[in-house]
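The values are calculated or read from the model by the stated rules, or taken from the named source; none is laboratory data. Everything numeric here is computed off the predicted structure, so don't read it as measured data. We place every Cβ from the backbone using ideal geometry, glycine too, and count neighbours over all the protein chains shown.
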Amino acid sequence: MSVFDQIGASVARELALPDVDTSTTIVVRVLVAAILGGMVGWEREHKGRAAGLKTHILVSIGSALFVLAPLLSGIDGSDVTRVMQGIVSGIGFLGAGAILKLDKGERIEGLTTAAGVWMTAAIGMAAGMGQEMVALVTTVMALLVVGAVPKLQRSNPKSPRDMHPDE
């Protein structure tokens, strides 16, 4: 076998599609991450927040990829927890960019946006690990929190902050 034949065979093996079961797993997990991250992102974008639909989808599918790829490579699930720790820490830096302290008072904006990006990373990790139902329930709970809590705060104001919730 010539060198070119060996190179060709090596490239063909490297780029070969996985079997149907593995392909389906990849598509379902990444699609669930994208849809659920998109649901959170749409809600945030609808409210005019800095991190919207695209950001939340990318964070969610990126987190899914970071856990899915090692699992598909045969890395033990317990070793993937180190990857997950890195995601949680790294997303903290992304979220920190959304937090702003305004004036010399106590008003801080962006905390809910940062928490939403962090939550979306967790949703993506759950989907990537094959825990789609956990990701779905968590998404529904997150949407209830960002949708219902501000309405409850406005209906029963107890402090100046509650009268004008930042997010």
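Restricting segment 25-58 to residues that are surrounded by fewer than 14 Cβ atoms within 10 Å (Cβ to Cβ) and over 30 Å from GLY74 (Cα atoms), the residue that is modelled with the lowest pLDDT is GLY48. Within segment 1-24, being at pLDDT below 85 and in a helix (DSSP H, G or I) holds for one residue alone: ALA12.
Evaluate segment 71-85: report whether one residue or more is within 23 Å of THR113 (Cβ to Cβ) and either assigned to a helix (DSSP H, G or I) or in contact with a helix residue (DSSP H, G or I) (Cβ under 9 Å, 6 or more places away or on another chain) (or both). Within segment 71-85, one or more residues are within 23 Å of THR113 (Cβ to Cβ) and either assigned to a helix (DSSP H, G or I) or in contact with a helix residue (DSSP H, G or I) (Cβ under 9 Å, 6 or more places away or on another chain) (or both). Within segment 9-28, residues that are within 16 Å of LEU68 (Cβ to Cβ) sit with their Cβ atoms under 7 Å from residues that are part of a helix (DSSP H, G or I) and of a type in the set (A, V, I, L, M), at 6+ positions apart or across chains, in these pairs: THR22/LEU72; ILE26/LEU68. Applying the criterion of being in contact (Cβ under 8 Å) with a residue 12 or more places away in the chain and not β-branched (Val, Ile, Thr) to the residues of segment 29-41, the residue that is nearest to LEU111 (Cα to Cα) is GLY41. For the structure I just gave you, tell me whether LEU152 is modelled with pLDDT of 75 or more, on the phi < 0 side of the Ramachandran plot and within 14 Å of the chain's Cα centre (by Cα). Taking the combined requirement at face value, the residue does not satisfy it. For VAL27, state whether it is of a type in the set (A, V, I, L, M), in a helix (DSSP H, G or I) and in contact with a helix residue (DSSP H, G or I) (Cβ under 6 Å, 6 or more places away or on another chain). Here the answer is no, as VAL27 does not meet what is asked.
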